[in-house]
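The values are calculated or read from the model by the stated rules, or taken from the named source; none is laboratory data. Being a predicted model, the structure only gives us computed values, none of them experimental. Cβ sites come from the backbone with ideal geometry, for glycine too, and all protein chains shown count toward neighbours.
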Amino acid sequence: MNDLGETGLNLLLFSVGEVHFGIDSEQVAGINAFQGEDAGDLFWFHNEMGFGDATVTYLLPTVVTIRCPDEQPYRVIIDLMEDIREIATDSILPFPPLLEPFALRKGMWGVLLVEGKMVLLVDFMRILREKTAVSARHGGDE
Amino acid sequence: MKMLLQPAKQLMNRLTYSRKMFVAGIFLCIPTLLLAYFLVTNIYEQITFSAKERAGVRYASSLDSLLQAVIDSRYAAVWGGKPRIPVDQALAGLAEVDSALGGELGMEEAFKTLKAKLPDSRGGTTRQMIDAHGAFAAELLEMKVQVADRSNLTLDPDIPSYYLMDALITKLPPLADTVSRAAIVAARLSGGPESQAGDRADLLLLSGEMNTLVDALKKDIRTAAGADATIRDRIQKPLLELETAMTAFQKELKGPRAIGLSRAGMEATDAVFRAALQLSPVLDELLGNRISTLQLRMSVYLSLSLLAFLLGIYFNLACYLSVKEGISAVHEAARKVSNGDLTVEARLSSRDEIGETCGMFNTMTDNLRRIIVTLTEVSEKIHANSGAIASTMDQQSGFATQLSSSVVEISSTMEEFSSTASQIALHSQAVVERADKTLEDTKNGAAEVENLTFKVNDISGTIQANLSEIVELGRKSKEINKVMEIINNIANQTKLIAFNAALEAASAGESGKRFGVVAVEIRRLADSVVESTSEIEGKITEILDSVNRLVMSSEKSFQLIQEGQEYASHTVVMLIESVDGVEETTSAARQISLSTQQQQIASSQVVLALKDIEQGVRFSTDSIHRTNGVTEELFNLSEQLRDLVMTFKVGKEGGGQETAPGAEPR
């Protein structure tokens, strides 16, 4: 439990390409410095979020290891970790109904204002499930 | 003479010509009428005079009849018998004449007196009767003279009538009375009953008186006959008969026979009265002829006066009409000319001064029309030329103004140029001095540059040493940068550890809260380290940049110093060469100074000349302005002249009517 009881949530805040994001610290198993390695379970955050063809510069790439329930390895390279902050869940704002289906498909489930900055809350587990479902559809098609 | 005519002239000057002619006619006709009046009045008075004479002749004839009756009565008293003409009858005839003419002649009182003195034939002796008749006869003679005086017979102007009057009034009646008395005296002397002592003497006196009267009568008759031949025979015949009777009576007076004497006396008396009766018509005829002549003359005078008056009026009217026609023609023509109509022609055919004036007036209007036409053309040309001159003068004024402005600008520029030349002269002198100083400075500079070359070589060596030190400093700074990278990596790793610790603390719940606080502090410390290392890196980067710039600057300075060394060497050479150049420059500067001084003098002369030109241009501009003003005035005058000329009507050459050429009719 945290200070805010059932309504509290610890968020790991970082930014990629000058866009602020936040993930539930419960989903993070560990943080390591990116050494330039290349592995099958290591993904760049902008590719996972579908930034498209936009060129994103990582100033201080950091590898976040996602805590997966089925021990499936899943690591994402993020940039500029800023803080781990405890926030109240009622301060989280849902996406507008028009955007919510699209946002959920990209793993974004809410919006939070922290010190005047808009922080998009990302659910890596949802992203992982989407990736798994897509892989399954691709495998069925083959 | 002029002073005398001045009032009449002033009066005439106030009258029109028609009134002048009327007044002149009046003053010319009045004397004519007055002259005619005086002439006719004079003639009328003469007629009246003569008519009164005729009345006197008639009255005197009646008196002769009465005298004859009285003498008959006296003869009857002497020799018995009855008188042939009764005195009463003769007196009645005289009364008739007196009633008709007595008032005119003023004889009423005399006639009454005469009637009172009429003798009474019925009473008294013979002698008394003779004396009474003699006294009455004397009264008659006196009355006859009185009639002659009152009837102007004694004032008769003509010789025939006057002498006939004299014979009839003063000669024949006294002769008859004298003859009668002489006969009576002679009769008494011949033995009559009442002879007296003085009869013989009386008879002699009466005889002498008769001779005197006959002689005087003969003289009167001759004079009248000599003056008027037409009456000569008619008046000489009674005279001859009277002379015969008188001769016979004179013979009887010398004889003793009383009967013959009485008959001769009566015949002589009758001859006297016959002569009177014959002469009286002649005198009356003469008077009638004179009256007729005077009446004819008066008629002629009246006719001539009337004719003269009518002719005067006629010719005065003709003169008036002629003058009026001429003056009206001149007046009408002059009025039209005064209204500007020069096409008018004064038409008059008279040959007098007014006709000549009309001719001269027409000539004058012709000349004036030609002058106006010429003047119109001239004024138009003047107008056009004055406009062109004004335009040209405006342009010339503009040019002159521009020229003046340009001259002023040139003058100002030349003054500045002169001033600049003066300054250049001064400066060139200063340049000369400066060139001298430069020559000296150049020589000194060459030596100094040579010393500078040595100094620069020293500096070059120093800079080269400093450059090596700076390069070493940069290398060491890079080494510090590497150390800082290590520290930064450590801080990042520490930060990651702190994040992992925080994650672990967060996942540990309440028990990991203190650890989380420590992790947070470590992360913040790591952030501080990262920030400090970043700042150090920034400073080192700045140092490296400064070192790089310093190196580059030092290298550039070294290069520049090397170039400076080369330049200094070249400068020494050039300075040595410049000494010669500066010497030439000094000489040239002196030449420039002299030339500039000459140029300054020339510029001053040019400035003076430009001032003269400027003054001349100003005078020219003023003159152009004045000329422009005169031209404008000329233009205005030509306008006025054209307006003035346009008031005249001069007509076309072909006789048509139009106003002055080039002018709009008004």
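The residues of the range A:8-31 that are outside any strand (DSSP E or B) and either in contact with a Gly (Cβ under 6 Å, 6 or more places away or on another chain) or within 14 Å of chain B (Cβ to nearest Cβ) (or both), listed by number, are A:S25, A:E26, A:Q27. Scanning the range B:468-515 for residues that are at the interface with chain A (Cβ under 8 Å from one of its Cβ atoms) and among the small types (G, A, S) gives B:A502, B:A506, B:S507, B:G509. Within the option set B:A400, B:A388, B:A384, being part of a helix (DSSP H, G or I) and modelled with pLDDT under 75 holds for one residue only, B:A400. Considering the range A:62-74, the residues that are surrounded by 17 or more Cβ atoms within 10 Å (Cβ to Cβ) and touching a Leu at 6+ places or on another chain (Cβ under 9 Å) include one that is nearest to A:L12 (Cα to Cα), namely A:V64.
Residues that are farther than 30 Å from B:P174 by Cα and either touching a residue at least 12 places away in the same chain (Cβ under 8 Å) or assigned by TED's automatic domain parsing to the domain that holds B:G265 (or both) number at least 3 in the following helices (runs of 4 or more DSSP H) confined to the range B:1-114: B:17-79. Within the range B:387-415, being touching an Asp or Glu at 6+ places or on another chain (Cβ under 8 Å) and over 13 Å from B:V607 (Cα atoms) holds for B:A390, B:S404. Each residue in the range B:1-54 was checked for being in contact with a Ser or Thr (Cβ under 8 Å, 6 or more places away or on another chain) and among the polar types (S, T, N, Q), and 1 pass. Taken residue by residue, the range A:32-40 has no member that is surrounded by 16 or more Cβ atoms within 10 Å (Cβ to Cβ), assigned to a loop (DSSP other than H, G, I, E, B), more than 14 Å from chain B (Cβ to nearest Cβ) and in contact with a strand residue (DSSP E or B) (Cβ under 9 Å, 6 or more places away or on another chain). Taken together, the residues in the range B:340-361 that are surrounded by fewer than 18 Cβ atoms within 10 Å (Cβ to Cβ) and without any contact (Cβ under 8 Å) to a residue 24 or more places away in the chain amount to 8.
Assigned to a helix (DSSP H, G or I) and surrounded by fewer than 18 Cβ atoms within 10 Å (Cβ to Cβ), is that true of B:A135? Considered against the rule, which asks whether it is assigned to a helix (DSSP H, G or I) and surrounded by fewer than 18 Cβ atoms within 10 Å (Cβ to Cβ), B:A135 comes out as yes. Against the numbered list (1) hydrophobic (A, V, I, L, M, F, W, C); (2) away from chain B (no Cβ under 14 Å); (3) part of a strand (DSSP E or B), A:V64 comes up short only at (2). Scanning the range B:516-541 for residues that are buried (at least 16 other Cβ atoms within 10 Å of the Cβ) and either touching a Cys at 6+ places or on another chain (Cβ under 6 Å) or among the hydrophobic types (A, V, I, L, M, F, W, C) (or both), we see that the one that is farthest from the other protein chains (Cβ to nearest Cβ) is B:I540. Across the range B:417-459, the number of residues qualifying as touching a residue at least 24 places away in the same chain (Cβ under 8 Å) and among the acidic types (D, E) comes to 2. Can you confirm whether the range A:52-72 contains a residue that is farther than 28 Å from B:F515 by Cα and under 13 Å from the mean Cα position of the chain (by Cα)? No, the range A:52-72 has no match at all. Restrict the check to the range B:470-477 and report whether at least one residue is part of a helix (DSSP H, G or I) and farther than 30 Å from B:E563 by Cβ. Checking the range B:470-477: at least one residue is part of a helix (DSSP H, G or I) and farther than 30 Å from B:E563 by Cβ. Is it the case, given these coordinates, that B:G564 is in contact with a helix residue (DSSP H, G or I) (Cβ under 9 Å, 6 or more places away or on another chain), away from every other protein chain (no Cβ under 14 Å) and within 30 Å of B:I463 (Cα to Cα)? Judged against the criteria, B:G564 is a match. Only residues that are within 14 Å of B:A224 (Cβ to Cβ) and of a type in the set (V, I, T) were counted in the range B:281-295, giving 1. Out of all the residues in the range B:487-499, is one or more more than 21 Å from A:L60 (Cβ to Cβ), in the same structural domain as B:E531 (by TED's automatic domain parsing) and either in contact with a helix residue (DSSP H, G or I) (Cβ under 6 Å, 6 or more places away or on another chain) or assigned to a helix (DSSP H, G or I) (or both)? Scanning the range B:487-499 turns up no residue that is more than 21 Å from A:L60 (Cβ to Cβ), in the same structural domain as B:E531 (by TED's automatic domain parsing) and either in contact with a helix residue (DSSP H, G or I) (Cβ under 6 Å, 6 or more places away or on another chain) or assigned to a helix (DSSP H, G or I) (or both). Checked against the criterion of being assigned to a loop (DSSP other than H, G, I, E, B) and more than 13 Å from chain B (Cβ to nearest Cβ), the range A:79-89 contains not a single residue that satisfies it.
What number of residues within the range B:420-435 are buried (at least 16 other Cβ atoms within 10 Å of the Cβ) and within 16 Å of B:V582 (Cα to Cα)? Qualifying residue count, the range B:420-435: 6.
Quick grid of which residues meet (1) among the small types (G, A, S); (2) under 60 Å from the mean Cα position of the chain (by Cα):
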| site | (1), (2) |
| --- | --- |
| B:V23 | no, yes |
| B:Y37 | no, yes |
| B:R54 | no, no |
| B:S62 | yes, no |
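Any residue at all in the range B:127-144 that is under 30 Å from B:L294 (Cβ atoms) and not polar (S, T, N, Q)? Checked the range B:127-144: at least one residue is under 30 Å from B:L294 (Cβ atoms) and not polar (S, T, N, Q). Residues that are surrounded by 14 or more Cβ atoms within 10 Å (Cβ to Cβ) and within 20 Å of B:Q599 (Cβ to Cβ) within the range B:383-412 comprise B:I410, B:S411, listed in sequence order.
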